[in-house]
Amino acid sequence: MDRYLPLKANATAISVLVIDTDVDTSHLLENALLRIRAGAGLLEALASNSLQPETMADLYRLILSAYLPIQDGLDLLEQLRPQP
């Protein structure tokens, strides 16, 4: 297994953000929870507001803002799964 694994969500074909798989698992877990909480908090805020037709143009930016930290958190959690 490679020590540094790229995050799945990238702006380019070359990954510049990576996960250090040699760190203590508690660090991976805490970072995963932080990112998932951030994404979930944004989704909760969006769910509690009714979007108006004029704000629909911003919907992609809002979805991306929630997706990125959640995907990063999932990537981190994947490292905590037992490897076969």
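Computed from the coordinates by the stated procedures, all read-outs in this text should not be read as laboratory data. What you see is a predicted model; the values in this text were computed from it and never measured. Here the Cβ positions follow ideal geometry from the backbone for every residue, glycine too, while neighbour counts run over all protein chains shown.
Taking neighbour counts of Cβ atoms within 10 Å as a proxy for exposure, in what order, fewest first, do Leu46, Leu76 appear?
Details: Leu46 15, Leu76 24.
Arranged by neighbour count, lowest to highest, Leu46, Leu76 become Leu46, Leu76.
Relative contact order for region 24-84: what is it in percent, counting Cα pairs under 8 Å that are at least 6 residues apart? Spell out each step's value before the answer.
Numbers: 43 pairs, mean separation 37.2, N = 61.
Relative contact order here is 61 percent.
Scan around Ile19 for amide H atoms under 5 Å from its own, H built in the peptide plane at 1.01 Å from N, and keep only partners 5 or more places away or cross-chain.
Under 5 Å from the amide H of Ile19 lie the amide H atoms of Leu5, Leu7, each far enough along the sequence or on another chain.
Do the sum for the chain: with -39,500 (n - 2.57) for every DSSP H run of n ≥ 4, divided by all residues, what is the mean residue ellipticity at 222 nm, to the nearest 500 deg cm²/dmol? Working shown, then result.
Values: 2 runs with 43 residues, N = 84.
Per the formula, -18000 deg cm²/dmol.
Please report Rg over Rh for the chain, where both radii come from the alpha carbon positions and Rh follows the Kirkwood definition.
On the way: Rg = 15.4 Å, Rh = 14.3 Å.
Taking Rh as the inverse mean 1/r over Cα pairs, Rg/Rh reads 1.08.
Magnitude of the Cβ-charge dipole of region 24-84, K/R +1 and D/E -1, about the Cα centre, nearest 20 debye?
Working: 4 positive and 8 negative charges, 13 e Å.
It works out to roughly 60 debye.
Round to the nearest 10 and give me the degree value, 0 to 90, for the angle of helix 25-47's Cα axis relative to the longest principal axis of the chain.
10
Whole-Hz Karplus ³J(HN,Hα) for region 63-68, in order, using 6.51 cos²θ - 1.76 cosθ + 1.60 and θ = phi - 60°, x for Gly and Pro?
Going residue by residue, I get 5, 4, 5, 7, 5, 4 Hz, with x marking Gly and Pro.
R0 = 30 Å: FRET efficiency of Ser65 with Ser26, Cβ-based, nearest 0.05?
Working: r = 27 Å, r/R0 = 0.90.
In this case the efficiency is close to 0.65.
Taking DSSP loops as anything outside H, G, I, E and B, show the longest stretch in the chain free of trypsin sites (Lys or Arg not before Pro) there with at most 14 other beta carbons within 10 Å.
Details: sites that count: Arg3, Lys8.
Here the longest segment lacking exposed loop sites spans 9-84.
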